[in-house]
Amino acid sequence: MKLYGHPMSTCTRKVLTVLGEKGHKADFVLVDITKGEQKMPDHLARQPFGVVPALDDDGFVLFESRAMCRYLDETLSGPKLTPDNAKDRARMEQWISVEHSYFTPAAMKILYQTLFAQMFGRPGDEGLLKEGREALAKPADVLEKHFAGGSDWLVGNQFTIADICYLPYIEYLFAAGQGDLITDRKHLASWWNRASERKSWRVAALKEQA
Ligand SMILES: N[C@@H](CCC(=O)N[C@@H](CS)C(=O)NCC(=O)O)C(=O)O
């Protein structure tokens with residue numbers, strides 16, 4: 001199995017974390033997004049939108065990181081990252097949808113005006129940063145309320161794909177000096193501490209890739 005990606009890519013890291021949880025490895029093929037390799041014809045044949053990651057499982061080629069996470073969980077041996085019963089599975093999907101629809105767009109808005117602005121050597125726009133922070137407050141409050149109810153993870157006591165989907169964006173919020181959005185919410189912060197200590201995540205995260 002081959003995973004085409006980049007170690008700094010949030011979406012690649014989700015897939016690496018799932019692989020780590022399952023106790024499997026894929027052959028990692030670097031697509032250097034800093035050099036535009038994701039827009040080259042050979043990669044576009046795997047990922048028509050010209051982004052990373054892409055997965056090739058013995059000729060079965062898949063794009064979209066969340067689809068890869070579900071596919072790998074279902075097909076690989078190892079601990080299950082998806083609940084068995086319908087209600088819990090629906091809850092997992094609910095939290096993945098919250099991540100995709102509300103949390104990540106707001107986080108990316110913040111990151112473009114902070115971390116990524118610094119990387120590209122341009123100043124961040126304070127107004128857009130404020131908008132991003134305001135937008136992130138709502139899903140962060142919803143998560144805080146959920147964890148205040150006593151659950152260790154997003155779906156009761158089972159660590160699932162839903163927990164994994166948030167990790168790369170939160171790691172970058174801290175790297176961007178915006179970690180107060182998490183630490184100001186003590187139950188969300190406790191979950192982050194638990195989740196980010198998992199070996200699978202630590203291996204996938206930037207600091208361990210360097
Ligand atoms: N919906 C896609 C998003 C993939 C994505 O945005 N990848 C980023 C890195 S995390 C990328 O390749 N950026 C380079 C570019 O936009 O050219 C997925 O989940 O796989």
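See the values below:
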| item | result |
| --- | --- |
| Of all residues in segment 34-50 being of a type in the set (A, V, I, L, M, F, W, C) and out of contact with any Phe, Trp or Tyr (no Cβ under 8 Å at 6 or more places or on another chain), the one that is farthest from the ligand (Cβ to nearest atom) | ALA45 |
| Residue selected from segment 15-33 under the condition near the ligand (Cβ under 9 Å from one of its atoms) and out of contact with any Pro (no Cβ under 6 Å at 6 or more places or on another chain), by the criterion farthest from ASP57 (Cα to Cα) | ILE33 |
| Test set (1) within 14 Å of the ligand (Cβ to nearest atom); (2) at negative phi - ARG133 fails condition number | (1) |
| Index of the failed condition, GLU64 passing every other in (1) within 16 Å of the ligand (Cβ to nearest atom); (2) closer than 25 Å to PHE103 by Cα; (3) over 13 Å from the mean Cα position of the chain (by Cα) | (3) |
| Hits in segment 64-78 - residues which are assigned to a helix (DSSP H, G or I), in contact (Cβ under 8 Å) with a residue 24 or more places away in the chain and over 15 Å from CYS11 (Cα atoms) | ASP73 |
| Output for segment 79-91, where each listed residue is part of a helix (DSSP H, G or I) and open to solvent by less than 80 Å² (accessible area, probe 1.4 Å) | ALA86, ASP88, ALA90 |
| Conditions (1) away from the ligand (no atom under 15 Å from the Cβ); (2) within 18 Å of the chain's Cα centre (by Cα); (3) surrounded by 18 or more Cβ atoms within 10 Å (Cβ to Cβ); number of the one not met by GLN94 | (3) |
| Helices (runs of 4 or more DSSP H) fully within segment 119-210 counting 2 or more residues that are in contact with a Lys or Arg (Cβ under 9 Å, 6 or more places away or on another chain) and open to solvent by 60 Å² or more (accessible area, probe 1.4 Å) | 126-148, 206-209 |
| Output for segment 1-13, where each listed residue is outside any helix (DSSP H, G or I), open to solvent by less than 30 Å² (accessible area, probe 1.4 Å) and within 9 Å of the ligand (Cβ to nearest atom) | GLY5, HIS6, SER9 |
| Residues satisfying the stated conditions in segment 14-61, i.e. among the aliphatic types (A, V, I, L, M) and surrounded by fewer than 17 Cβ atoms within 10 Å (Cβ to Cβ) | VAL29, LEU30, MET40, LEU44, ALA45, VAL61 |
| Residue match in segment 99-107 (condition: part of a helix (DSSP H, G or I), open to solvent by less than 30 Å² (accessible area, probe 1.4 Å), out of contact with any Pro (no Cβ under 6 Å at 6 or more places or on another chain) and not aliphatic (A, V, I, L, M)) | yes |
| Residue count, segment 158-210 (criterion: charged (D, E, K, R) and either modelled with pLDDT under 95 or touching a Phe, Trp or Tyr at 6+ places or on another chain (Cβ under 7 Å) (or both)) | 4 |
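The values are calculated or read from the model by the stated rules, or taken from the named source; none is laboratory data. As the structure is a prediction and not an experimental result, all values here were calculated from the model. Positions of Cβ are backbone-derived with ideal geometry, glycine not excepted, and every protein chain shown enters the neighbour counts. Each accessible area value is taken on the protein alone, full model and side chains, heavy atoms only, with ligands, DNA and RNA left out. Shrake-Rupley method; radii C 1.70, N 1.55, O 1.52, S 1.80 Å.
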